[in-house]
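The values are calculated or read from the model by the stated rules, or taken from the named source; none is laboratory data. Because the structure is a prediction, the values reported are computed rather than measured. Glycine also receives a Cβ, built like all others from the backbone with ideal geometry; neighbour counts cover every protein chain displayed. Surface areas here come from the heavy atoms of the whole protein model, side chains and all, with no ligands, DNA or RNA. Shrake-Rupley method; radii C 1.70, N 1.55, O 1.52, S 1.80 Å.
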Amino acid sequence: MSLSPQGRSAASPATNLPPETQREMLRQMLTIRLFEERASADYRAGKIYGVVHCYIGEEGVAVGVCSALGPQDRIISTHRGHGHCIAKGADLPRMMAELYGRQTGYCKGKGGSMHIADFSIGMLGANGIVAGGIPIVTGAGLAAQMEGKGGVAVSFFGDGASNAGPFHECLNIAASWKLPMVYVCENNLYAAQTAAAATHALPDVAARAAGYGIPGEVVDGNDIFAVHQAAHRAVDRARSGGGPSLIECKTYRWRAHTERKGQPDYREQAEIEAWKGRDPIARLERQLREESALDDAELQSMERQITAAIEAAVAFAEASPFPLPEQATDDVFAA
Amino acid sequence: MRELTYDEAAVEAVAEEMRRDPKIFYLSTDPIPPLLREFGPERIRATPIAESAMTGMGIGAAGCGFRPIVDWRQVTFCFVAMDQIVNQAAKIHYMFGGQARFPLLFRATVCGGGRVAAQHSQSPYSMFMNVAGLKMFLASTPYDIKGLIKTAIRDNNPVISFESSRLLRLKGPVPEEDYTIPLGLADIKREGSDVTVVALAWLVHEALAAAEELAKEGISVEVIDPRSLVPLDAGTIRDSVKKTGRLVIADEAGPTAGFSAEVAAVATEDGATFARLKAPVKRVCALPVPIPYSPVLENHVFPDRKRILAGIREVLREGPAQAA
Ligand SMILES: Cc1ncc(C[n+]2csc(CCOP(=O)(O)OP(=O)(O)O)c2C)c(N)n1
Ligand SMILES: [Mg+2]
């Protein structure tokens, strides 16, 4: 597969990843799916406040990319951030406790769904401002370059964010300075209610890479191996001093933009159904079965374990105290 | 003691800190020549004119253990980076529950008088004072700017150094030895007993000139320079007002929801200070207009020693003292 600007990668060939790695990818995607289903249900039950953006349908992107990263690498996320957290190795109980607004949450109840971060694992935070994280993670790329230890920084952002200034400013600066960056556009074809087709001059965000002289590649975001391989190439290039790449993952969110009641969703039901037919999880499951790397018993056991882990996360959240009101004034400034 | 300009003192502060700590690096669209000569292009980086990117990159690098300095140059240029300043830098430590530190110095020139019109003359610090999570200061002397910049670089939070374009070439004594000035500590630039003038930057010097003139008439003016805007040294301001009973606030920004309004509130919402006020608080500020170009217009917009003088005379005329 070529890395030429605007290249479009073919369907992924049979992967040479070891079966344990493939099963781990499946486990992570399933964890995201089941976590999101629970978050959605608990949101509708009034246990989670404000707003939740579900990642269901897009799991192949976060897991495909993060499986190409090491613990020293850093990522930044968006308002739709639970999947990136889980794929980078965040702790489910502390995530759930944050959604529940509890003291034990990742942000001590100050962030909520749109602001989960875990700096200790290189997850520099979900960000509630569209394109707001791109400059920050580009700074992490600069930090990695200056540290000189081969670290890489990955920016996850939506198709909507690719139309905002910071995207262009940062691609230019990262290309000029050969920063060890991977820019991953999750093109789920919509920014809130607005179709990308109505707001993008070109159908492929990856085509914009040419304007910055960096590789740009369109991949099927629902094919986890295609995502993983593209990420792998981009990460290798970044690590070896070759500079940034842009990967556009075509994908789709199954649920409405947010979990809010009465959230408008103008998408055609037929389109939604068609994309559900391209489920990244079912696809990997199928592939693993074909390779005899997974059977019913293994899958059921995996699902049981994940369900138990999510139950435990919810139990932890529910048993955790709310913050004390006066803690509202803590942590405005660092010591 | 040797003398440095305000600008030289600021650069010397940066250079000394950079020698001390290899984690410090500098982002600006136009590197400062002596810094570039000494530290090279790896640490003194010339960025594209992309303030949003450079500001956010400073935040990201800070979160990864570096101590970046982001120099916006004219404060008006940082308005294109408002998201990174207000939504990101100010909130990121709090929003993530204090799990990471963001030691970051922003530098920005403020004030007017340069005949460069509205998009290159502004004193918008109160816009930033209004945002929780940012510390900031505005020095009036070479000595102060050096000590404050050093403190800001060592602080583990985003700190904005607002620097007066009118004072860049002002000379003053700066010791050779290492010293710092804490944030949140005002400086009494002149002691007096009849009226307190709280002033910032260039207007500190104008207030001192006004005080000198009034001294000839036997009027004793105390001039306080808060230096640090956030945190603000309310104690020193209140103690002075309790002593003099009269308060004039001089600021090159407009009055509306401004620094001057904050100082007036600091004085009047404290019962003990309020009880000692003998006259209404007087603000001497810029007119509420974008800064115009023509010298005739620009001079008319800004307060100066004459207006400070008039303000002082006004508070001396008013209130019980006048009745007595
Ligand atoms: C600067 C800014 N403008 C508007 C919004 C409101 N908003 C939140 S998500 C969103 C759509 C983002 O679309 P995209 O980047 O494609 O991400 P997706 O939701 O599809 O994952 C909008 C408009 C925002 N959060 N930030
Ligand atoms: Mg989208």
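Calculate log10 I(q)/I(0) of the protein assembly as shown for q = 0.05, 0.10 Å⁻¹, where I(q) comes from the Debye formula with a single equal point scatterer on each Cα and nothing for solvent.
Listed by q, the Debye log ratios stand at -0.28, -0.93.
If you take every DSSP beta bridge whose two residues both sit in segment B:3-173, what share of them, in percent to the nearest 5, is antiparallel?
So the antiparallel bridges in segment B:3-173 amount to around 15 percent.
Once label points are set 7 Å from the Cα along Cα→Cβ at both A:Arg239 and B:Glu217, what is their separation, rounded to one decimal in nm?
Placing both labels 7 Å beyond Cα along the Cβ direction yields 7.7 nm.
Suppose all protein chains stay in the model; what accessible area per residue would a 1.4 Å probe give for segment B:207-324, in Å²?
With the other protein chains kept in place, segment B:207-324 gives 44 Å² per residue.
Could you sort A:215-225, B:188-198, B:86-96 so that the peptide with the highest average Cβ count within 10 Å comes first and the rest follow in order?
A:215-225, B:86-96, B:188-198
What accessible area per residue, rounded to a whole number of Å², is obtained for segment A:1-149 using a probe radius of 1.4 Å?
Value returned for segment A:1-149: 32 Å² of accessible area per residue.
Could you work out the local net charge near A:Asn222, counting Lys and Arg as +1, Asp and Glu as -1, over the other residues with Cβ closer than 10 Å to its Cβ?
-2
Suppose R0 equals 45 Å. What FRET efficiency, 1/(1 + (r/R0)^6) with r the Cβ-Cβ distance, do B:Ser193 and A:Lys149 give to the nearest 0.05?
For R0 = 45 Å, the calculated efficiency reads 0.15.
When the Cα centres of segment B:36-84 and segment B:239-299 are compared, how far apart do they sit, in Å?
33 Å
Within a 10 angstrom radius of each residue's Cβ in B:62-69, how many Cβ atoms of other chains show up on average? Whole number is fine.
Partner Cβ neighbours, averaged per residue: 5.
Going toward the positive end of the dipole of chain A, with +1 on Lys and Arg Cβ and -1 on Asp and Glu Cβ, which of A:Pro325, A:Asn163, A:Ser40 do you reach last?
Going by the charge dipole, the pick is A:Asn163.
How large is the dipole of chain A about the Cα centre if only Lys and Arg carry +1 and Asp and Glu carry -1, each at its Cβ, rounded to the nearest 20 debye?
500 debye
If you place +1 on the Cβ of every Lys and Arg and -1 on the Cβ of every Asp and Glu, how big does the dipole about the Cα centre of segment B:187-323 come out, in debye to the nearest 20?
360 debye
Compute the Cα gyration tensor for segment B:1-133, then decide on rounded, prolate or oblate, letting a ≥ b ≥ c be the square roots of its eigenvalues: rounded whenever a/c is under 1.5, prolate when a/b is larger than b/c in the other cases, and oblate in all that remain.
It comes out oblate by the Cα gyration axes.
Please state the relative contact order of segment B:187-323 as a whole percent: Cα pairs under 8 Å, 6+ residues apart?
Relative contact order of segment B:187-323: 26 percent.
Residues of segment A:190-230 with amide nitrogen under 16 Å from the 7 Å Cα-to-Cβ point of A:Thr21?
A:224-230
What does the structure give for B:39-48 when I average, per residue, the other chain Cβ atoms found within 10 Å of the residue Cβ?
Mean inter-chain Cβ contacts per residue within 10 Å come to 2.
Per residue of A:114-123, count partner chain C-beta atoms within 10 Å of its C-beta, then hand back the mean as an integer.
What the average comes to for A:114-123 is 3.
For segment B:3-173, with only Lys/Arg (+1) and Asp/Glu (-1) charged at the beta-carbon, what is the dipole magnitude about the Cα centre, in debye rounded to 20?
Computed about the Cα centre, the dipole is about 160 debye.
Springs between alpha-carbon pairs under 10 angstrom, Gaussian network model over chain B: which of B:Asp144, B:Asp304, B:Asp83 fluctuates most?
B:Asp83
Which one of B:Leu35, B:Ala100, B:Pro48 has its Cα pushed farthest toward the positive end of the charge dipole of segment B:1-103, where Lys and Arg give +1 and Asp and Glu give -1 at the Cβ?
Checked the options; the winner is B:Ala100.
Per the 1.4 Å probe, what fraction of the accessible area of the protein assembly as shown, in percent, lies on carbon and sulfur atoms?
53 percent
Tell me, what is the 1.4 Å probe accessible area of B:Cys78, in Å² to the nearest 10?
0 Å²
Gap in Å between the Cα centre of segment A:100-140 and the Cα centre of segment B:208-237?
Between the Cα centre of segment B:208-237 and that of segment A:100-140, the gap is 44 Å.
What quantity of accessible surface, computed with a 1.4 Å probe and excluding non-protein components, is buried in total between chains A and B, in Å² to the nearest 100?
By this definition, chains A and B bury close to 3200 Å².
In segment A:247-310, which trypsin sites (Lys or Arg not before Pro) fall in coil by DSSP and have 14 or fewer other Cβ atoms within 10 Å?
A:Arg260, A:Lys261
Would you mind pulling out the separation of the Cα centroids of segment A:51-88 and segment A:241-299, in Å?
13 Å
Let's test the formula: R0 of 25 Å, r as the Cβ-Cβ distance of A:Ala335 and B:Glu177. What FRET efficiency results, to the nearest 0.05?
Approximately 0.40, to the nearest 0.05.
Nearest 5 percent is fine: what portion of the DSSP beta bridges confined to chain A is antiparallel?
Beta bridges within chain A, antiparallel portion: roughly 10 percent.
Amide H of B:Phe106 versus every other amide H placed in the peptide plane: which residues, excluding those fewer than 5 positions away on the same chain, fall under 5 Å?
B:Val70, B:Val159, B:Ile160, B:Ser161
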